[in-house]
Amino acid sequence: MKGLRVIGWGKALGEKLVTNDDLAKTLDTSDEWITERTGIRQRYIGGSVASLSILASQRALAVAGITGAEIDMVLLATTTSDQIVPSTAVAIQAALGISGGALDINAACSGFAYGMAVANGLLATGLRRILLIGAEQLSTITDFTDRSTAVLFGDGAGAVVLEATDGPGDLLSYVLGSDGDLKHLLYAEHGSYLHMVGKEVFRKAVQVIVDSSNEAMDKAGITVNDLALMVPHQANLRIIQSACQRLGIEESKAMITVDRYGNTSAASIPLALVDAIEEDRLKPGDLVLLTGFGAGMTWASLILRWNP
Ligand code: COA
């Protein structure tokens with residue numbers, strides 16, 4: 001059985017930087033409120049899911065030192081596909097000259113972490129290289145007149161190139177979960193904006209991060225003391241802090257990017273992972289906890305050995 005190894009990474013951000021003060025010009029809000037309640041200071045808006053994905057993927061392919069022709073499959077985690085049909089993954093496939101399959105995955109903010117588990121299975125059963133992207137243009141489903149959601153979201157993309165490797169590989173464990181009875185907490189109908197019951201999402205998010213992270217560590221046979229870094233979904237700094245506290249993980253071990261990018265849903269974990277790599281927060285052999293939660297609700301936690 002083959003396993004998975006990360007061999008390339010890249011990111012792209014929406015074209016326009018929007019600060020909290022920019023939003024406060026048209027909304028009844030303030031930099032102070034947004035920063036205090038969420039940790040968000042700014043976000044990037046603009047670009048399409050395809051254009052952001054292509055840019056992030058070109059960078060990831062360059063790091064891996066390969067071309068699109070050497071990729072067997074594109075997996076795009078997104079909730080904001082550019083069209084209903086076809087998938088946005090095919091636009092990436094065509095732009096990068098990839099010859100294999102292309103598929104969108106919608107597991108909301110957990111999408112990238114779900115994608116790692118899906119890729120692991122495909123690599124174990126015959127594919128050689130997979131381009132996995134998390135990308136969103138949440139600005140298309142955000143009501144910029146609603147202060148309770150408008151301040152939270154941003155646009156961006158993060159991509160990784162995954163290669164099959166002999167032996168068990170670097171994905172040591174994964175835990176996926178969902179509870180469709182909670183779909184009313186966070187949803188957007190076709191043609192409508194995102195609706196959210198913020199307080200309930202907050203409460204449930206902390207619980208699923210803690211439970212699924214503990215389960216993923218148990219499955220991998222490790223404890224929090226073995227972790228070098230936690231790369232959580234970036235929705236709210238206070239959610240990350242609460243989760244760290246309950247898990248017994250020092251906050252300094254959590255990668256934080258919500259201040260710079262806001263909540264970018266499926267793009268948030270890969271954006272944070274790429275920043276962690278570029279800021280030298282990972283060294284070979286380090287164990288990383290990736291943990292995501294989002295609409296559905298869905299959640300996913302996995303343990304990755306950093307071994308590029
Ligand atoms: N600026 C100023 N005031 C705001 C505001 C804003 N942007 N948004 C809401 N408020 C007001 C509310 O109207 C409310 O006013 P009231 O007391 O007069 O009724 C007050 O602030 C408190 O609102 P509340 O919703 O109770 O705040 P909160 O502490 O729960 O924070 C969130 C709101 C959205 C930041 C928080 O609930 C959260 O982050 N939830 C999780 C969301 C999430 O992670 N979503 C994505 C999941 S992937």
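All of the numbers you see were taken from the coordinates with simple rules; none came from a lab. Predicted model, so just to flag it, every value in this text is computed and none were measured. Note: ideal-geometry Cβ built from the backbone for every residue, glycine included; neighbour counts use all protein chains shown.
What does the extension gain come out to for PHE144 and SER99, with contour length at 0.36 nm per residue minus their alpha carbon separation? Don't skip to the answer; put the middle values down first.
Working: separation 45, 0.36 × 45 = 16.20 nm, distance 3.93 nm.
Stretched out fully, the PHE144 to SER99 stretch lengthens by 12.3 nm.
Based on the mean of other beta carbon atoms within 10 Å per residue, what is the order of 71-84, 254-267, 159-172, most packed first?
Values: 71-84: 22.9, 254-267: 26.0, 159-172: 20.7.
Packing proxy ranking, top to bottom: 254-267, 71-84, 159-172.
Backbone amide hydrogens, once placed in the peptide plane, bring SER87 within less than 5 Å of nothing, excluding anything fewer than 5 places away on its chain. Pairs of Cα atoms nearer than 8 Å and 6+ residues apart set the relative contact order; for the stretch 2-166 it is 36 percent. Computed from the C-beta positions of THR35 and GLU200 and an R0 of 35 Å, the FRET efficiency is 0.95 to the nearest 0.05. Beta bridges from DSSP with both residues in the chain: antiparallel share about 70 percent, rounded to the nearest 5. Treating r as the C-beta distance of LYS253 and GLU279 and R0 as 22 Å, the FRET efficiency rounds to 0.95. The equivalent ellipsoid of the stretch 17-62 has semi-axes of 30, 12, 7 Å, largest first, where each one is the square root of 5 times an eigenvalue of the Cα gyration tensor. Applying the Karplus relation 6.51 cos²θ - 1.76 cosθ + 1.60 with θ = phi - 60° to the stretch 274-286 yields 3J(HN,Hα) values of 4, 5, 4, 5, 5, 8, 6, 8, 10, 10, x, x, 4 Hz, where x marks Gly and Pro.
Here is the size of the chain from its Cα atoms: Rg then Dmax, 17.9, 56 Å. For the chain, a crude dipole built from +1 on the beta carbon of Lys and Arg and -1 on the beta carbon of Asp and Glu, taken about the Cα centre, is about 300 debye to the nearest 20.
If you average the sequence gap of Cα pairs under 8 Å that are 6 or more apart and divide by the length of the chain, what percent do you get for the contact order? Intermediate values should be presented prior to the final figure.
Numbers: 804 pairs, mean separation 79.8, N = 308.
Computed value for the chain: 26 percent relative contact order.
Rank-order 272-285, 107-120 by packing density, defined as the average count of other C-beta atoms within 10 Å over each peptide's residues, highest first.
On the way: 272-285: 16.4, 107-120: 26.4.
By packing density, highest mean first, the sequence is 107-120, 272-285.
More than 21 Å apart: what percent of Cα pairs in the stretch 228-302 qualify? Before the final figure, lay out each step's value.
Working: 521 of 2775 pairs.
Above the 21 Å cut-off, the stretch 228-302 has 19 percent of its Cα pairs.
Which of the peptides 91-98, 223-230 is most tightly packed, and how do the rest follow, going by the mean number of other Cβ atoms within 10 Å of each residue?
Working: 91-98: 19.5, 223-230: 16.2.
The most tightly packed comes first, giving 91-98, 223-230.
Within the stretch 12-105, the percentage of alpha carbon pairs spaced more than 22 angstrom apart rounds to 44%. As I understand it, the dipole of the chain uses +1 on the Cβ of Lys and Arg and -1 on the Cβ of Asp and Glu, about the Cα centre. Which of LEU172, VAL160, ALA300 lies farthest toward its positive end? Final value for the positive-end residue is LEU172.
Expressed as a fraction of 2.2 N^0.38 Å, the C-alpha radius of gyration for the stretch 171-305 is 1.03. A Förster radius of 41 Å, combined with the Cβ-Cβ distance separating LEU17 from LYS219, puts the computed FRET efficiency at roughly 0.55. When Rg and the Kirkwood Rh are both derived from Cα coordinates, the Rg/Rh ratio for the stretch 2-166 amounts to 1.04.
Note down the magnitude of the dipole of the stretch 171-305 about its Cα centre, charges +1 on Lys and Arg C-beta and -1 on Asp and Glu C-beta and zero elsewhere, to the nearest 20 debye. Write out the running numbers ahead of the final one.
Values: 12 positive and 16 negative charges, 35 e Å.
Here the stretch 171-305 has a charge dipole of around 160 debye.
With helices as the sole contributors, the chain gives -10000 deg cm²/dmol at 222 nm; each DSSP H run of n ≥ 4 counts as -39500 (n - 2.57), and the sum is divided by every residue. Computed on the stretch 171-305, with alpha-carbon pairs under 8 angstrom and 6+ residues apart, the relative contact order is 40 percent.
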